[in-house]
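All of the numbers you see were taken from the coordinates with simple rules; none came from a lab. Remember, predicted model here, so these are calculated numbers, not experimental data. Positions of Cβ are generated from backbone atoms using ideal geometry, with glycine treated the same way; all protein chains shown enter the neighbour counts.
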Amino acid sequence: MMRLEKRPTPSRAWIAGAPVLAVFLTMVAGGIMFAALGQAPLEAIRTIFWDPLFSETFASYSRPQLLLKAGPLILIAIGLSLGFRAGIWNIGAEGQYIMGAICGAAFGLALYPSENPLIFPGMIVAGALGGWAWAMIPAVLRARFRTNEILVSLLLVYVAEAILASAATNWLRNPEGSGFPGSRNLSRHPGTDNPELIAGTGMHWGVVAAFIAVILGYILLNRHILGYQIKLAGQAPRAARFAGVNPGRLIFLCLGVSGALAGMAGLFEVAGPAGQISIDFNVGYGFTAIIVAFLGRLHPVGILFAGLLMALTYIGGELAQLMMGVPAPAIQAFQGMLLFFLLALDVLANYRIKWGREAAA
Amino acid sequence: MLIDPVTLIAALIGASTPILLAAIGELVVEKSGVLNLGVEGMMIIGAVFGFMVAVNTGSPTLGFIMGAVGGAGLSLIFGVLTQILLSNQVATGLALTLFGLGLAALLGEPYAGINPPLTGNLFPSTMADIPVVGPIFFSHDIIVYLSVLLVAAVWSVLTKTRAGLILRAVGESHDAAHALGYKVVRIRLMAIAFGGACAGLGGAYLSLVRVPSWTEGMTAGAGWIALALVVFASWKPWRALIGAYLFGGIAALQLRLQAAEVGVPVALLDASPYLITILVLVLISSDRTRAALNAPAALGKVFHASG
């Protein structure tokens with residue numbers, strides 16, 4: 001009989017080791033899934049995790065994609081991790097991402113066809129404000145009415161999608177687009193574009209912002225009183241209240257920061273890789289970032305690696321789809337599985353497994 | 001007249017059934033002290049399982065059963081992770097939704113654009129032709145009546161039986177229930193599986209009757225609305241029924257308003273079910289005493305029997 005015995009303090013080795021083991025177990029389970037789909041399991045795993053980086057034929061295309069896709073994931077996940085640590089669950093980052101993209105793009109399009117170099121910084125600010133404002137809705141409702149922020153933030157994703165559909169087909173539609181849905185192309189217009197900064201690397205301003213967010217996140221959590229309060233509120237809410245931590249302020253801080261970062265990520269995407277506001281420019285980064293945050297142990301440096309790994313599964317998934325005909329949704333199931341294994345292995349950090357019957361007390 | 005009230009009521013009953021089923025299942029789960037945020041994932045797995053089985057066997061009944069089995073199966077992943085491996089319930093529920101959406105899209109890919117076998121009405125059409133009463137009470141399929149019976153059954157079990165009392169005790173204080181010798185983990189696993197089966201059945205109803213076809217992501221937030229409904233109902237079964245029908249009424253009404261082109265922006269009408277759900281959540285939660293009194297005290301807390 002297996003039983004669990006609580007560790008006096010969480011095991012550091014398992015906290016670091018669990019994500020690695022979870023990735024390995026996901027590869028095994030994913031291989032079984034691919035075998036069930038009638039694919040060669042080893043080849044599928046190699047196509048997803050190895051070929052995008054090291055294959056001679058694909059690496060030149062795939063490697064830049066890595067930063068391109070990891071950028072938004074890391075940027076969003078850093079924001080989410082602050083709230084998750086404090087027990088404030090913003091799971092509507094996808095909605096904040098959409099609203100940031102719409103607000104930022106609207107700012108740029110309002111000044112079209114000006115090519116003033118100040119427009120792009122203005123778009124970034126507008127994007128961050130859009131995401132921030134969208135996240136303030138659950139924040140105000142939670143702080144003022146104690147409404148569950150999980151449900152509100154998630155439901156607002158669907159509202160944001162409705163607004164996006166109306167923007168793409170109506171009020172942000174390209175007037176010269178002969179009636180097709182979608183805005184003017186932002187990435188091909190100087191002044192509104194988010195260009196590749198170093199050719200062949202996939203590096204754009206969004207990736208730069210993600211790296212800065214990692215550094216600031218690290219400083220906030222380890223060197224600043226607010227970071228300490230966030231951790232305290234999550235681990236011991238009662239102690240936090242006695243220590244004078246204002247729970248309302250933490251709600252506004254955590255939701256506000258994550259909303260602003262998600263909004264910025266959305267703007268960088270429409271002004272760069274996506275190019276324009278269209279009905280379905282969002283591909284679920286806001287949801288995948290939840291997995292990234294947990295896989296990275298809610299730690300900024302961990303999130304950096306987790307974001308890169310998750311970006312790899314996206315790219316590898318596309319490659320496997322192209323080369324082997326693996327269905328596209330398989331990769332989403334694969335990412336979900338990764339989170340399951342990670343959560344399951346978490347138990348080993350906090351508990352010791354003992355076999356056999358307990359000795360009579 | 002623009003909108004006929006009788007057909008609207010008949011339509012709202014059908015429209016509410018998927019979220020009613022999911023909500024009544026989640027209500028039992030939460031009464032046992034477990035917060036499963038994976039309702040959306042379980043619903044969509046139920047939708048795809050039910051659809052696949054119904055298309056391949058030609059029997060909607062088998063489809064509904066397998067939809068429930070699929071939902072229950074997925075919910076047990078959540079059960080094992082949260083109850084045996086003591087993982088965080090919020091994170092695990094989210095994982096269940098993300099995984100369920102991915103797996104359902106994967107399984108359902110070959111089934112896009114296929115029509116499922118039809119589910120007939122329970123009563124003969126002569127009864128449905130009775131003016132006013134007919135369309136409202138006799139024009140539905142068996143799952144609609146089953147969902148109402150299920151609400152009655154959950155209510156009577158929770159309030160009138162020993163099993164219901166034990167379930168509630170586990171949800172109020174797992175340590176006290178454990179000390180009395182009740183198997184907290186086993187009871188919770190059963191509640192989780194029941195919740196999964198209900199969500200799966202609700203999902204199968206979506207793909208086999210409401211839509212009826214399979215499209216990726218077809219639950220479109222229904223699972224989250226069901227979760228909100230449990231809060232709205234203050235964990236009381238009959239209020240979940242009222243809430244579901246109110247919500248279904250709004251959904252049915254907004255579709256009719258869109259068809260009638262009344263000059264309200266489409267985006268606002270599309271978003272109205274979600275906005276109204278948020279509004280209702282705010283109204284309920286702002287009443288501090290009521291919200292706090294009815295929520296199961298051990299909701300979302302991890303149980304580890306030490307010694």
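Annotations for the structure displayed:
- Some residue of the stretch A:130-152 being among the acidic types (D, E) and away from chain B (no Cβ under 14 Å): no
- Number of residues in the stretch A:197-225 that are over 16 Å from A:Y285 (Cβ atoms) and touching an Asp or Glu at 6+ places or on another chain (Cβ under 9 Å) equals 1.
- Selection from the stretch B:1-43 of residues that are of a type in the set (G, A, S), touching a Pro at 6+ places or on another chain (Cβ under 6 Å) and over 20 Å from B:W155 (Cβ atoms): B:A10
- Filtered residues of the stretch A:1-23 (kept if surrounded by 13 or more Cβ atoms within 10 Å (Cβ to Cβ) and of a type in the set (A, V, I, L, M)): A:L4, A:I15, A:A16, A:A18, A:L21, A:A22, A:V23
- Residues satisfying the stated conditions in the stretch A:164-179, i.e. over 21 Å from the mean Cα position of the chain (by Cα) and within 30 Å of B:I284 (Cβ to Cβ): A:A165, A:S166
- Among the residues making up the stretch B:219-234, those that are over 20 Å from B:A204 (Cα atoms) and within 7 Å of another protein chain (Cβ to nearest Cβ) are B:A228, B:V231.
- For the stretch A:319-333, residues that are in a helix (DSSP H, G or I) and within 8 Å of chain B (Cβ to nearest Cβ) total 5.
- A count restricted to the stretch B:82-95 and to residues that are in contact (Cβ under 8 Å) with a residue 12 or more places away in the chain and more than 19 Å from A:G87 (Cα to Cα) stands at 2.
- Residues that are within 14 Å of chain A (Cβ to nearest Cβ), assigned to a helix (DSSP H, G or I), among the hydroxyl-bearing types (S, T, Y) and surrounded by 21 or more Cβ atoms within 10 Å (Cβ to Cβ) occur in the stretch B:83-94; there is at least one.
- Residue, surrounded by the most Cβ atoms within 10 Å (Cβ to Cβ), within the stretch A:282-317, restricted to residues that are away from chain B (no Cβ under 11 Å), in contact with a helix residue (DSSP H, G or I) (Cβ under 6 Å, 6 or more places away or on another chain) and not in a helix (DSSP H, G or I): A:G296
- The set of residues from the stretch B:95-117 being surrounded by 19 or more Cβ atoms within 10 Å (Cβ to Cβ) and assigned to a loop (DSSP other than H, G, I, E, B) comprises just one member, B:P116.
- Given (1) within 30 Å of B:A271 (Cβ to Cβ); (2) more than 20 Å from the chain's Cα centre (by Cα), index of the condition A:A199 fails: (1)
- Conditions (1) under 25 Å from the mean Cα position of the chain (by Cα); (2) of a type outside the set (K, R); (3) more than 30 Å from B:L268 (Cα to Cα): number failed by A:G182: (3)
- The number of residues in the stretch A:253-273 being surrounded by 22 or more Cβ atoms within 10 Å (Cβ to Cβ) and part of a loop (DSSP other than H, G, I, E, B) comes to 1.
- B:L227 being aliphatic (A, V, I, L, M) and more than 22 Å from B:E172 (Cα to Cα): no
- Residue identified as buried (at least 24 other Cβ atoms within 10 Å of the Cβ), assigned to a helix (DSSP H, G or I) and hydrophobic (A, V, I, L, M, F, W, C) among A:L155, A:L141, A:L186, A:L129: A:L155
- Qualifying positions in the stretch B:211-258 - assigned to a helix (DSSP H, G or I), surrounded by 18 or more Cβ atoms within 10 Å (Cβ to Cβ) and among the polar types (S, T, N, Q): B:Q254
- Of all residues in the stretch A:157-169, one or more are more than 10 Å from chain B (Cβ to nearest Cβ) and out of contact with any helix residue (DSSP H, G or I) (no Cβ under 7 Å at 6 or more places or on another chain).
- Hits in the stretch A:189-225 (condition: assigned to a loop (DSSP other than H, G, I, E, B), out of contact with any helix residue (DSSP H, G or I) (no Cβ under 7 Å at 6 or more places or on another chain) and touching a residue at least 60 places away in the same chain (Cβ under 8 Å)): A:H189, A:P190, A:P195, A:E196
- Those residues of the stretch B:67-82 which are surrounded by fewer than 24 Cβ atoms within 10 Å (Cβ to Cβ) and within 16 Å of the chain's Cα centre (by Cα), in sequence order: B:V69, B:G73
- Residue match in the stretch B:267-285 (condition: part of a helix (DSSP H, G or I), out of contact with any Phe, Trp or Tyr (no Cβ under 9 Å at 6 or more places or on another chain) and more than 12 Å from chain A (Cβ to nearest Cβ)): no
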